[in-house]
Structure formats: structure tokens, C-alpha cells
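Engineer: This is the structure I want to talk about, given as C-alpha cells.
The values are calculated or read from the model by the stated rules, or taken from the named source; none is laboratory data. Predicted model only: the values in this text are computed from it and were never measured. Cβ: placed from backbone, ideal geometry, glycine included. Neighbour counts: every protein chain shown. All accessible areas refer to the heavy atoms of the entire protein, side chains included, with ligands and DNA or RNA removed. Shrake-Rupley method; radii C 1.70, N 1.55, O 1.52, S 1.80 Å.
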Amino acid sequence: MTIQERTARPKRAMEQKWQTRWETDRLYRSSVDWNRPKHYALTMLPYPSGDLHMGHWFAMTPSDTRARYMRMKGFNVLFPMGFDAFGLPAENAAVQRGIHPARWTFGNIERMRGQLRSMGAMFDWEREAVSCEPGYYKWTEWFFKKFYEAGLAYRGEAMVNWSPTLQTVLANEQVIDGKDERTGQPVIQKMMTQWFFRITHYADELLSFAGLDWPEPIRTMQTNWIGRSEGARVIFHTEEGDPIEIFTTRPDTLWGATFMVLSPEHPLVARITGKAQREEVEEYVKTAARKSELDRTSEEQEKTGVFTGGYAINPVNQERIPIWIADYVLISYGTGAIMAVPAHDERDFAFARAYGLEIRPVIQPDDVPEGFCETQAYSGAGRMVNSGRFNGAISNGEKGRKNPAISAVIDWLGEQGIGREAINYRLRDWLISRQRYWGSPIPMIYTEDGNILPVAESDLPVVLPEDVQMTGVGNPLRQHEGFVNTTAPDGRPALREIDTMDTFMCSSWYWYRYLSPQETAQPFSTEEAAYWLPVDVYTGGAEHATMHLLYARFFAKAMRDIGAFDATMAAMQARGRNPKVLTTGEPMLMLRNQGQILGEERSGHFVRARGRWDGANKLFADEVEVIDPAEVANGDPMAVVTSGFPTAEDASSGVVTGEIVKRTENLLTIASPSGDLKTVEVIAGARVIIPDIPGENTVNQLKHHLEIQRMSKSKGNVVNPDELVDLYGADTVRAYLMFGFDWEKGGPWNSQNIQGVVRWLDDVWEMIVNIEVTGAGDPAVERQIERRVHQTIKSVGEKLEAFNFNKAIAELMTLKNDLRAAVRDAKISHGAFHEAAKNMLLMMAPFTPHIAEELWVYIGEAYSIHQQAYPTYDPAKAAEETTTLVVMKNGKPIDRVEVAVGIGEEDAKAAALASAGARRALDGGTPRRVVFIAGRGDLNVEPKVNIVV
RNA sequence: GCCGAUGUGGUGGAAUGGCAGACACGAUCGCCUCAAAAGCGAUUGCUCGCGAGGGCAUGUGGGUUCGACUCCCACCAUCGGCACCA
């Protein structure tokens, strides 16, 4: 070994050199090649919010690593990228800063393109798609039109958050505590006619995940979201004869219905309300309109409701029962009305108790005495009672037809013409209308004589006009006459639909557009689709579990049913590929979710603020002094700030001490040693002393405490990837994100731990570039290195396939440690070292593509490393000769014995019992039992012997 | 509230029911240096013991098992989603 003159590991310049070269060589352009197996790797596309943040790197670079690995394993890989570019933040920017949504969006996209390139990912930029470009949203509109023509889109009523002040609809996130977040004015719930997609048509199909490798929790969440329940629809009538349809999963309890409850929005409410109750009912309806659905259905809420004065007739026994309204019944679920059976339903029970309504048991459990319904509802099995002809029928606690009582009652309801068997879903149809400007137009027109017609295909896209006034009041499209006024096919004037589409619509089909983003004749190219579809692996955040991923599945099924895949399937057939992968209507075969990167915890400045008290909790400060952490001897800054003051918050002293937990401009919130929060207003011209920062200090330099929470600009806890890339290089940032976290879990950012991957890459560089390996080498050490290389080839591959990026890098670090020890001890020849280094670089290439390429070329191998195959695992070379037999006493290890791999049960037990640890533990006695656990040579699992005493 | 997940050293995290803490960060000590940083070497879950060697430890409390971070039951805490943020 010879130490040469050291060359420091280059970072940004070297990385940019390779990025340019790869781009020039079109290394990552992917094209159809029927002679090679394809792999479509997709990662969720970003919303162009301004800057790429750590979360994007965390989502995309591991996905890139896995895509690169698949490429080295021989797949023809497609790994595209684009922008989900319509949405609310662009409108907010327009209203708040007067910048046009389009300019804001495209400016951000341009910026983010550059940031995405710095990752060194293998994105095929020729396939980039941007959802707010007419070439893209033409097809979003086209899908709407096709769905409409297929009966999958319709007009219906839905509640919106209506701001009377702004004359506009607000998003849920814009409503805080029932008030508009911007103006603080009240927001009401209002019914509005809007466009829906009939996703419920596919409810049953969406419950099937056959052939999909999706995480179990996601499948469970989707199943619960769809919420299929079996039961019956039953028609009650008011005394006046108006029908009220209800859905129940418990028709066997119909005889226990002692009242009905309508949702406050139910259309019959006004009709049945009696004169005496009118005022109270109207007041209640108004109050309910101010509440969110979440509040209304919360079990913690006190059940509220009012009597309408009306009565209904129970069709099974002709009983007259009162009709109430209550906000725990939602108009959007079932029929918006329920029969209330307080004896056998928790919520009905709580309501009946609160308003003194009758509770009548109709299911009698076998082993519980009479009066069992006095303290809580009973929802278990039993015999029907108080139910006329059905008395004695067994209700076995099962749902639907599996319950004999329910089954018998359903049949009887049908015979009597009172009701029928029915299935209800919690899933609601997809409301796609948005009363916003920055979205894809809905290609529909309204004629003078009241017809609603789709825009002709030749007239698509309906282009979003650019010359609008964004004021935050009203809908800008309504005020745009050139947009609103159009002509019907018969030449007469007509009005355009001014609602635009939910942005989930744009993101429900983008992976098809990636196939051919320049295509003008159809949404995607048939030839590309026949080769690449479906997506093989989709990665993204688990927060999209239900909505985006259900919409994506719905879209694929709807596309299938309108024939959008017919040509593609024919082309597949012609190529000898089974088109069945498209007939299932499933867009992605495999799904994996990453966790979230959170902000790093940071303590705030510990300060002494001096000034004048204004009441007990507020101080006007003319001086704020930060305690220098370096001066804190015992590590407790709180003790230092309080020292020297008799009482820290002594009213006469005019001093507040403690940690800044929050700062808004010149208002500080300070947590005092006792834990009390004090407000300190730093007056203009106050002296601010921060020892760390030389010169004159200002209040804006004071740091407040940061909790571990989502990174966001407003919280001031954003870690900027660009700065880290400048400092360490993209390889290091990529590797750290993959090594420092469990990818599926995420976690708080830690700026210290990145040193681990810095040293890893430094060591690899040092070993290959700065040390000349000479000498003969030690055959035993060289054999051991070869063994470790092959074990690592296997484990890194397995771990990457399983998305265990942190474990894969740990394996690579371990291999580096072993190789470095061999080099340091001069136990390896140049040839053996070269072979090991070559394999190690090939394994590193997917993770750290730039340094791998640089060193690959440095050791004299042919460019590019990214066109090489992943090394082949040789079990013979990986095999161990000996292994450690673990001797245990009652499951706890007490000794270890070196034995041959594959040792048999008898030999292992004998060796274990002969060990020093076993003799000590047994102390001459005999074990009660001896258990042998065989080793697994292929998995490097050691054999064990458990001695039970 | 409902649905889903998570909980392991000072920190990030490893462990098909079979050696808990791999791989790292940090810390401590030593080497190098005029010094510092970097680098190199060693130690590092807690605890009793001079030592050999014990005991205790995976959110809490139970259970199953020769053996439980892992499986089951109950509870606590935290995170994601709840239909107009994306």
C-alpha cells in the first residue's frame, strides 16, 4: 500500500459533468423495445408550489434508485416526471400578490425542473407532462366528455362552503372554525348543483384487489372507505302520505323503531314541520349549516335535534312515530333519513335518552334478563320479540342474508311491497365541480331552452382565458364575457359551464400522458401504451391512500368501459402480449408508500427581556438579551437566565426570562422557567443582544423553538435541498435520505447524521483514488472478501426489491469496512481489490450514480456504469465454512461454539451441552428439555440449542 | 369520533417466533498536531461486581410459547386520512 498525494473527493462540478454527459448521450431516454422486458416505474408527480423540498427528494430519489437497479437487472425502464399544475395555491398567490396563476405556476415549474435535474435521477424529460397546458387538459376535458356520454357524469346537488362575503366557494382548508381564514367572516353550508362522476357504479369492482401487490393497510382503508353494507330499503310515510325512504342494515329491528330522524337538509323537513315548531326547526337547520361533517358525526358531540311536529307511520305495525331532525344524520349518506331503533343502536340510544323518547327492545338475548336495554343499546344476537309474526326468529348477530331473522324480514318486506333488499355504500359519487378559475374547464354548454350539451370534440380544448381579474371575490370566469358567452350547435347563443374540474381529475390519468405527451390525435399513443402499460410500480405518500388512489382506479375502469384501451389491447394482442392486464381496469400493479420527512427539532433562544409590564402577562421590552449557549456551564440555559434574579417574573423587576417558543414579527411568546407563557412586545428601537451574531442585532434574528412537525415555510423549519446539494453533492443527499430513515416511515430531519454517508463516500474515494494497492495478498483474506462481495450482491438486491433502502446501504457500508480493513492491513492484491471494487461500484451505482460513474471510469472500466448489468450472485462464492452455534438457557444466550455449517441435531446438542456456559448453568443437574433450532446456511442464520432447566 | 399506521440506547435505525441494538450519528478516552479541525485507534443500552460473572431492558398491563420487539387481548401516546390542500 502506498499513500499518494491526496485528491479530495469532488462534488458539484463532478456531478454536473456527468449529468451533462448523460443528457448529451441520451442515456435515460426510454423507447419501446419489444425484445426486452419493460418496467414502468412511476412516482407521484409534484405540485409546483415553488421550491422542491426534502419531501420530494425523499419520495423521488429512492424510487430512482430502485428504477436504476431494475435497469441493471435487464429491464427496459420508463421513469417519467411531470407537474400537477392546476390548483388552489396559484389562485392564492394571485389574490395575495397580484401575480397571474399561469405566470406563478410556470415560473415555479421552470425553477423546479432545474432542481429536479440536480438529483441526478434517470427521468426521461422528453416525456414530461404538465397538466395545466392546453395540450394536456384538452384530454382531461375529452375524458369528461366521454364519461358524460357514457352516463358516468351527471349533475347533482352537493353542499359547499359558501362565503356570503366573498360570494365564493371555499376549500375546506380555507375554513377555520366556521369562518373564512382570510376575512374571518362566517361561512355557511349551501346546496349547489354540480357535476359528479358515478364512481359508485364501480363500488363492488373497486372492492377487489385481485392481482394487485398493494399494501394491506391501503386495501383496508379503501375497503372501509367504500363501506359496503347489506340491508333493506323501507318506505315509511308521513301522516299526510309523503313517502320517506330509509336504509337499514337491521330490518329485524323494524318493530323497535320508536321515532324517525331526518337530516336537517332533507327535502321533506319544511313540509312536515308544524307551526308550533317552525321557528325552532329553522333555527336548528341554520345551526347545522354552520357545522362541518366531522363535527356533526363525532361521537364526542352531545346528540342534538328537534321535533318537527310531524309523524310517520311505521309500515310493519302501523304505529304512529314522531319525526325529528338531527345533525348526526347526513343527507349525503344513505337516503338522508333513518328509522331510529334506540334499543339496538348506540347513537339512537343516546338520542332517545337525551330527549326522553321510547326505547323498545325487539331482540332478546338468550342469556340476559329483561330490562337489558336500560343502560346501553344491545347490538348482539338474540330472538326477535315484540315483532308480531316474527317473534321467536333467531337473529344470530351476522350481517345481511347470513342472518336468518334479517333474511326472513327482507323477504316479507318484498312480499308486502313495503321495502326491498338493498346494498348501501358509504362511498359517495365523486364531486368534480370546482367554482374556481385555475383548473381544467368542464366542456359543457347551457342553451337558451335549457338543454345541457357537451362541446363538440373538434372544439376541444375549451381554453381557459388568461385575461381575468383575480380579486378573491366571486368567480372570475363568470365575469369573463368572452368565455361565458358561446354558441350552441344550432347557432343560437349559449352559456358555458363556468365550474372547472377538481385537480384530482388531472392527476388521475397522467401516467398515460407520459407515454406520449406531444400526441395531438389521442390522449396517449397506442403503440407506447401497448408496450408500457400498466404501471409496474407506483410510489408516493400514504396520505393518498383513499382519494387519489381510488380515483386513479376508477379512472382506469371508466377508460376501459368507454373503449379508451381497445386499440391498445388490439396492439398488445398483435405483439403476442396478453391484454388481460388492461381488462381489469387496474392502473398500477404494485404500490408502495414512503413516510414523511418532518422538520428538525430546535430549541429557541433563551433570553432575558427587560422593560415595563402591561398587565400581568405582557411586557413592553426595550432590551432583549440572548444568553450565549457557550456560557451555559451545566447545560441548562434556563438556570442561567434566571440566576441573579430573586423572582424571574417579579412584577416590580420588569424582567421576563425563558425560552422563545414563538415569534411573530416583534411579538415574542416566552416560556418562563415555571412553564407560564408570557407575551413580550419588543418596542421599536429596543436593544437586541445576540452574542453569536456580531454587530447590531434585530428582533428578526431571534430564534424560536421548533417542534417536530411537517416542514413548512410558515413554521420556518424548512431544510432546503439546494443548499445541501451545494455543500455535499447530490449523491450524499440521496444516500443520506435512503440511509438515515426507514423509507416507509420517514421522520424528523437530522442535520448531524448526514456525516455517516459523507464518511462512507469519502472512504470509498480514498480507497480507490488515494491508495495504491500493491503486494501479494493473503489468500484467506481474499477469499473472505470474495465471500462478502457475493453475500452483499444478494442482500443489496433483495433489500432494494423490498424498498429497504437503509438496510441496503448499511450492507454496502459494511462491505466497504471489510474491504478497507483488508487494504489497510495490506492483505489484498491489486487484482483481488480491483475485482471487489468493481462489484462494489456496480452495487453503488443506483444509489450514488455520479461517484459510481466517476470511479468506474477511474479504475479503467468502460463508460457508462449505468449501462452495466447488476453483478451476478454466486452461492458457492458466498458460502461460509463455519458458523456459530448459540447455546441458550431458557431462551437466553449463555455461550457460543464454533461449528461446521449444517451441523446436525445430535452433534449440535452434544456440543452445546459440553460448552462451558452450559456446564455452568446446569451445575451438574440434567436439563428438563433440549431444543435444537437448525441453522440456515443460505440465510446466514446460525444454529441454536435451547437448554430448558 | 371513525378508518389506517407507529412506539426499540443520548439520536436515526437493525433483528422469516430463535444471540435485541447490525449500520451510522453523537459522546468519552487515546494517537497525530504548537493548537484546533479533519483523520486514525479504542470504548459506548442500563445496572451490580476488583474480577470471573450476574441482574434488568423493545410505550403500559396481561396472555400464548422451550423461546416474544415479533403472535393474541386491553390500555396509553404520537402520526396520516376523513370526500374543495395536493
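Engineer: What value, in deg cm²/dmol to 500, does the helix sum -39500 (n - 2.57) over DSSP H runs of n ≥ 4 give at 222 nm once divided by the residues of chain A?
Structural biologist: Details: 30 runs with 305 residues, N = 949.
The per-residue figure over chain A is -9500 deg cm²/dmol.
Engineer: Which ³J(HN,Hα) values in Hz, rounded to whole numbers, follow from the phi angles of the stretch A:879-889 under the Karplus curve 6.51 cos²θ - 1.76 cosθ + 1.60, where θ = phi - 60° and Gly and Pro get x?
Structural biologist: Per-residue couplings from phi come out as 5, 8, 9, 10, 9, 9, 8, 8, 9, 10, 10 Hz.
Engineer: In degrees between 0 and 90, to the nearest 10, how far off the longest principal axis of chain A does helix A:805-824 point, with axes built from Cα atoms?
Structural biologist: Once rounded, the angle reads 10 degrees.
Engineer: With the dipole of the stretch A:830-949 worked out from charges on the C-beta (+1 for Lys and Arg, -1 for Asp and Glu) around the Cα centre, which of A:HIS850, A:ALA900, A:ILE933 lies farthest toward the positive end?
Structural biologist: Farthest towards the positive end: A:ILE933.
Engineer: With just the Cα atoms defining each centre, how far is the stretch A:529-559 from the stretch A:734-771? Give it in Å.
Structural biologist: Cα centroid of the stretch A:529-559 versus Cα centroid of the stretch A:734-771: 32 Å apart.
Engineer: Evaluate E = 1/(1 + (r/R0)^6) for A:LYS715 and A:ALA879, where r is the Cβ-Cβ distance and R0 equals 51 Å; express this FRET efficiency to the nearest 0.05.
Structural biologist: Numbers: r = 53 Å, r/R0 = 1.04.
The pair A:LYS715/A:ALA879 has a calculated efficiency of 0.45.
Engineer: At what distance in angstrom do the alpha carbon centres of the stretch A:466-517 and the stretch A:72-101 lie from each other?
Structural biologist: What the calculation gives is 19 Å, centre to centre.
Engineer: What full-extension length gain, to one decimal in nm, is calculated for A:GLU601 and A:ASN224 as 0.36 nm per residue of separation minus the Cα-Cα distance? Could the numbers behind the result be given before it?
Structural biologist: Numbers: separation 377, 0.36 × 377 = 135.72 nm, distance 3.54 nm.
Stretched out fully, the A:GLU601 to A:ASN224 stretch lengthens by 132.2 nm.
Engineer: Relative to 2.2 N^0.38 Å, what does the C-alpha radius of gyration of the stretch A:237-376 come to as a ratio? Two decimals please. Walk me through the numbers before you get to the answer.
Structural biologist: Working: Rg = 14.8 Å, N = 140, 2.2 N^0.38 = 14.4 Å.
With N residues counted in the stretch A:237-376, Rg over 2.2 N^0.38 Å equals 1.03.
Engineer: Hey, another quick one. Find which of A:PHE504, A:VAL455, A:ALA377 sits farthest along the positive direction of the dipole of chain A, computed with +1 on the beta-carbon of Lys and Arg, -1 on that of Asp and Glu, about the Cα centre.
Structural biologist: A:PHE504
Engineer: So what does log10 I(q)/I(0) come out to for chain A at q = 0.05, 0.07 Å⁻¹, using the Debye formula with one equal point on every Cα and no solvent?
Structural biologist: Listed by q, the Debye log ratios stand at -0.45, -0.87.
Engineer: Rounded to the nearest angstrom and ordered from largest down, what semi-axes does the equivalent ellipsoid of the stretch A:306-433 get from its C-alpha gyration tensor (root of 5λ)? Walk me through the numbers on the way to the answer.
Structural biologist: Values: eigenvalues 121, 85, 52 Å².
After scaling each eigenvalue by five and taking roots: 25, 21, 16 Å.
Engineer: Strictly over 27 Å apart at the Cα level, which of A:LYS179/A:LYS662; A:LYS799/A:LYS877; A:LYS827/A:LYS892; A:LYS38/A:LYS138; A:LYS713/A:LYS745; A:LYS138/A:LYS179 would you flag in this model? Before the final figure, lay out each step's value.
Structural biologist: Values: A:LYS179/A:LYS662 24 Å; A:LYS799/A:LYS877 20 Å; A:LYS827/A:LYS892 37 Å; A:LYS38/A:LYS138 29 Å; A:LYS713/A:LYS745 22 Å; A:LYS138/A:LYS179 36 Å.
Those over the limit are A:LYS827/A:LYS892; A:LYS38/A:LYS138; A:LYS138/A:LYS179.
Engineer: Another question about this same structure. Send over the Kirkwood Rh of the stretch A:1-63, from the inverse of the averaged 1/r over different Cα pairs, rounded to one decimal Å. Don't skip to the end; give the middle numbers.
Structural biologist: Working: mean 1/r = 0.0621 Å⁻¹.
For the stretch A:1-63, the Kirkwood estimate is 16.1 Å.
Engineer: For A:PHE83, which sequence-distant residues (separation of 5 or more, or a different chain) have an amide H within less than 5 Å of its own amide H, given hydrogens modelled in the peptide plane?
Structural biologist: Hits under the 5 Å cutoff: A:ALA129, A:VAL130, A:SER131.
Engineer: Kindly work out what percent of the DSSP beta bridges joining two residues of chain A are antiparallel, to the nearest 5. If you can, show how the numbers build up before the last one.
Structural biologist: Numbers: 100 of 132 bridges.
About 75 percent, rounded to the nearest 5.
Engineer: Given N residues in the stretch A:850-932, what is Rg(Cα) / (2.2 N^0.38 Å)? Let's see the in-between values first.
Structural biologist: Working: Rg = 23.0 Å, N = 83, 2.2 N^0.38 = 11.8 Å.
The stretch A:850-932 yields a ratio of 1.95.
Engineer: Continuing with the same structure: Using unit Cβ charges (K, R positive; D, E negative) and no other charged atoms, how large, in debye to the nearest 20, is the dipole of chain A about its Cα centre?
Structural biologist: Values: 103 positive and 126 negative charges, 288 e Å.
So the dipole magnitude of chain A works out to roughly 1380 debye.
Engineer: Here's a follow-up. Pulled fully out, how much extra length does the chain show between A:ASP295 and A:ILE176, if you take 0.36 nm times their separation in residues and subtract their Cα-Cα distance?
Structural biologist: Full-extension gain reported as 41.6 nm.
Engineer: May I pose another question? So if I restrict to the alpha-carbon atoms in the stretch A:394-441, what is the Rg, and what is Dmax, the biggest pairwise distance, in Å?
Structural biologist: In Å, with Rg to one decimal and Dmax whole: 19.8, 58.
Engineer: In degrees from 0 to 90, rounded to the nearest 10, what is the angle of the helix A:755-765 Cα long axis to the longest principal axis of chain A?
Structural biologist: 40 degrees
Engineer: Given labels modelled 7 Å from the Cα in the Cβ direction, how far is it in nm from A:GLN479 to A:ASP204?
Structural biologist: In this crude label model, A:GLN479 to A:ASP204 measures out at 5.0 nm.
Engineer: Quick one: what are the phi-derived ³J(HN,Hα) couplings along the stretch A:59-68, Karplus 6.51/-1.76/1.60 with θ = phi - 60°, whole Hz, x for glycine and proline?
Structural biologist: Here the 3J(HN,Hα) series is 7, 8, 5, x, 4, 4, 4, 5, 4, 4 Hz.
Engineer: Once you put a point 7 Å from the Cα of A:GLU798 and another 7 Å from the Cα of A:THR872, both along the Cβ direction, what distance in nm separates them?
Structural biologist: Output for this residue pair reads 2.1 nm.
Engineer: Further question: With the other protein chains left in place, how much accessible area per residue, in square angstrom, belongs to the stretch A:847-933 at a 1.4 angstrom probe? Write out the running numbers ahead of the final one.
Structural biologist: Details: 4750 Å² over 87 residues.
Accessible surface, normalised per residue, equals 55 Å².
Engineer: Taking a cut-off of 21 Å between Cα atoms, list the lysines near A:LYS145, but don't count ones fewer than 8 places away on the same chain.
Structural biologist: Here the lysines satisfying the reach criterion relative to A:LYS145 are A:LYS557.
Engineer: I've got another one for you. How large is the translational diffusion coefficient of the stretch A:187-297 in µm² per second when you combine the Kirkwood radius over alpha carbon pairs with Stokes-Einstein at 10 °C and 1.306 mPa s? Before the final figure, lay out each step's value.
Structural biologist: On the way: Rh = 18.0 Å.
Calculated translational D: 88 µm²/s.
Engineer: So for the stretch A:519-623: antiparallel DSSP bridges make up what percent, rounded to the nearest 5?
Structural biologist: Values: 4 of 10 bridges.
If I count the DSSP bridges inside the stretch A:519-623, around 40 percent turn out antiparallel.
Engineer: What full-extension length gain, to one decimal in nm, is calculated for A:GLU280 and A:ARG320 as 0.36 nm per residue of separation minus the Cα-Cα distance?
Structural biologist: On the way: separation 40, 0.36 × 40 = 14.40 nm, distance 2.23 nm.
My answer for the length gained is 12.2 nm.
Engineer: Setting aside same-chain residues fewer than 8 positions from A:LYS275, which lysines have a Cα under 26 Å from its Cα?
Structural biologist: Hits, sequence-local ones excluded: A:LYS190, A:LYS286, A:LYS291, A:LYS303.
Engineer: Along the charge dipole of chain A, Cβ charges K/R +1 and D/E -1, which of A:ALA8, A:HIS605, A:ALA350 sits furthest on the positive end?
Structural biologist: Positive-most Cα among the choices belongs to A:ALA8.
Engineer: Between A:ARG896 and A:ASP25, with labels modelled 7 Å along Cα→Cβ, what's the label distance in nm to one decimal, could you check?
Structural biologist: 4.5 nm
Engineer: Take the Cα of A:GLU905, step 7 Å along the line toward its Cβ, and report every residue of the stretch A:917-948 whose backbone nitrogen sits under 14 Å from that point.
Structural biologist: From the stretch A:917-948, the list is A:930-935, A:944-946.
Engineer: Can I ask one more? Near the amide H of A:ALA393, under 5 Å away, which other amide H atoms are found, from residues 5 or more places off or on another chain, if H is placed in the peptide plane?
Structural biologist: Placed amide hydrogens put A:MET384 under 5 Å from A:ALA393.
Engineer: Determine the per residue accessible area of the stretch A:228-425 with all protein chains present and a 1.4 angstrom probe, expressed in square angstrom.
Structural biologist: Numbers: 9370 Å² over 198 residues.
Accessible area per residue, the stretch A:228-425: 47 Å².
Engineer: Between A:LYS402 and A:ARG155, how high is the FRET efficiency from 1/(1 + (r/R0)^6) when r is the Cβ-Cβ distance and R₀ = 30 Å? Nearest 0.05. Walk me through the intermediate numbers first.
Structural biologist: On the way: r = 38 Å, r/R0 = 1.28.
The formula returns an efficiency of 0.20 here.
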